[in-house]
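Peer 1: This is the structure I have questions about; it appears just below.
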Amino acid sequence: MKLLAIYPGTFDPPTLGHADIIERAHQLFDEVIVAVGRNTSKSPLLTVDERIEALKGISKPFANVTVDSFEGLLMDYAKSKGARSVVRGLRAVADFEYEFQIAMVNRKLNPDVDSVFLMTRWEYSYLSSSVVREVALLGGETKDLVPQSVQEILSNAVRRKLSSVD
Ligand code: ADP
C-alpha cells in the first residue's frame with residue numbers, strides 16, 4: 001500500500017519553512033499532496049491560484065509531490081484522497097497547543113488518519129507567512145524568507161494590494 005500524506009495549510013504566501021517541510025515530507029512518504037485550504041476566514045494577500053502556482057514551483061523537483069486545494073473539512077478531503085497521514089510543521093511550544101487541539105478533533109472526525117508533526121529547522125523557527133506579509137507590504141527584502149520561485153508572485157500580490165488601498 002502506498003503511503004500518502006496530505007500537507008494542508010493556508011500558505012499565504014508559502015515560505016522557506018513550508019518548502020523545508022515539503023522537502024522533508026517527500027522523503028518520508030510515497031506521495032505527498034500539498035493542499036491549500038480554500039475556506040479560511042482570513043482575508044488573504046495571495047489568491048488561491050497564486051498560492052497553488054507558488055507551491056507548484058517549490059514542489060517541481062519532487063516527482064511524488066502534487067499541489068491541490070480543498071474546501072470543507074480536512075478529514076473529509078483526506079478520506080476522499082485515501083490518505084492515512086496529515087503532515088503539519090511545528091515551530092514553537094505555542095504551535096503545539098493549537099496543533100494538539102486540531103489533531104485531537106481530527107482524530108475524532110476520522111480515526112484512520114494520523115497527524116504527523118515535523119519540527120521546523122532551527123533557521124526557520126521564526127518564520128511565518130504573517131511575518132513575510134508584513135515585511136513585504138512594508139517594502140522589506142524577502143529573498144531570505146521565501147523561495148526564489150515565490151518572489152515574483154509575492155511582489156505582484158503586494159503591488160496589487162498597495163494599489164487597491166491608494
Ligand atoms: P495554517 O493556517 O493551516 O496554520 P500555514 O500556511 O500558516 O497554515 O501553515 C501550514 C503548516 O506549516 C502548519 O502546520 C504550520 O505549523 C507549518 N509551518 C508554517 N511555518 C513553518 C516554519 N517556518 N517551519 C515549519 N513549519 C511551518
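Peer 1: Within region 37-52, can you find the residues that are surrounded by 18 or more Cβ atoms within 10 Å (Cβ to Cβ) and either among the acidic types (Asp, Glu) or within 18 Å of Leu118 (Cα to Cα) (or both)?
Peer 2: Answer for region 37-52, where residues must be surrounded by 18 or more Cβ atoms within 10 Å (Cβ to Cβ) and either among the acidic types (Asp, Glu) or within 18 Å of Leu118 (Cα to Cα) (or both): just Glu50.
Peer 1: Name the residues in region 114-138 that are farther than 25 Å from Leu90 by Cβ and open to solvent by 70 Å² or more (accessible area, probe 1.4 Å), would you?
Peer 2: Quick first cut of region 114-138, residues farther than 25 Å from Leu90 by Cβ only: 137-138.
Residue satisfying the conditions is Leu138 alone.
Peer 1: Right, another one. Which one of Val150, Val105, Val116, Val146 is among the β-branched types (Val, Ile, Thr), in a strand (DSSP E or B), within 15 Å of the ligand (Cβ to nearest atom) and under 23 Å from Val32 (Cα atoms)? Talk me through it step by step, then tell me what you get.
Peer 2: Values: Val150 fails: in a strand (DSSP E or B); Val105 fails: in a strand (DSSP E or B); Val146 fails: in a strand (DSSP E or B).
After ruling out the rest, the residue left standing is Val116.
Peer 1: Among Asp20, Asp30, which is the only one that is charged (D, E, K, R), within 13 Å of the ligand (Cβ to nearest atom) and either touching a residue at least 24 places away in the same chain (Cβ under 8 Å) or surrounded by fewer than 17 Cβ atoms within 10 Å (Cβ to Cβ) (or both)? Break it down into steps so the answer makes sense when it comes.
Peer 2: Working: Asp30 fails: within 13 Å of the ligand (Cβ to nearest atom).
From the options Asp20, Asp30, the qualifying one is Asp20.
Peer 1: While we're on this one: Restricting the first residue to region 82-98 and requiring it to be on the phi > 0 side of the Ramachandran plot and touching a residue at least 60 places away in the same chain (Cβ under 8 Å), which pairs with a second residue that is of a type outside the set (D, E, K, R) and not in a loop (DSSP other than H, G, I, E, B) meet a Cβ separation below 7 Å and a spacing of at least six or different chains?
Peer 2: Sorted first by the residue in region 82-98, then by its partner, the pairs are Gly82/Leu4.
Peer 1: Applying the selection to region 119-129, what residues are part of a helix (DSSP H, G or I) and near the ligand (Cβ under 8 Å from one of its atoms)? Let's see the steps before the verdict.
Peer 2: First, pick out the residues of region 119-129 that are part of a helix (DSSP H, G or I): 122-124, 129.
Correct list: Tyr124, Ser129.
Peer 1: Separate question: May I ask you to list the residues in region 19-67 that are over 15 Å from Val146 (Cα atoms) and of a type in the set (Lys, Arg)? Quick ask: steps written out before the conclusion?
Peer 2: First, pick out the residues of region 19-67 that are over 15 Å from Val146 (Cα atoms): 24-44, 47-49, 60-67.
Selection gives Arg24, Arg38, Lys42, Lys60.
Peer 1: When Ser149 is evaluated against the numbered criteria (1) small (Gly, Ala, Ser); (2) touching a Lys or Arg at 6+ places or on another chain (Cβ under 8 Å); (3) exposed (fewer than 12 other Cβ atoms within 10 Å of the Cβ), which criterion, by number, is the only one it fails?
Peer 2: Of (1) small (Gly, Ala, Ser); (2) touching a Lys or Arg at 6+ places or on another chain (Cβ under 8 Å); (3) exposed (fewer than 12 other Cβ atoms within 10 Å of the Cβ), only one is false for Ser149: (3).
The values are calculated or read from the model by the stated rules, or taken from the named source; none is laboratory data. Computed from a prediction, not measured in an experiment: that's the story for all the values here. All Cβ positions, glycine included, derive from the backbone under ideal geometry; neighbour counts span all protein chains shown. Quick note on the areas: whole protein, heavy atoms, side chains included, nothing else; ligands and nucleic acids left out. Shrake-Rupley method; radii C 1.70, N 1.55, O 1.52, S 1.80 Å.
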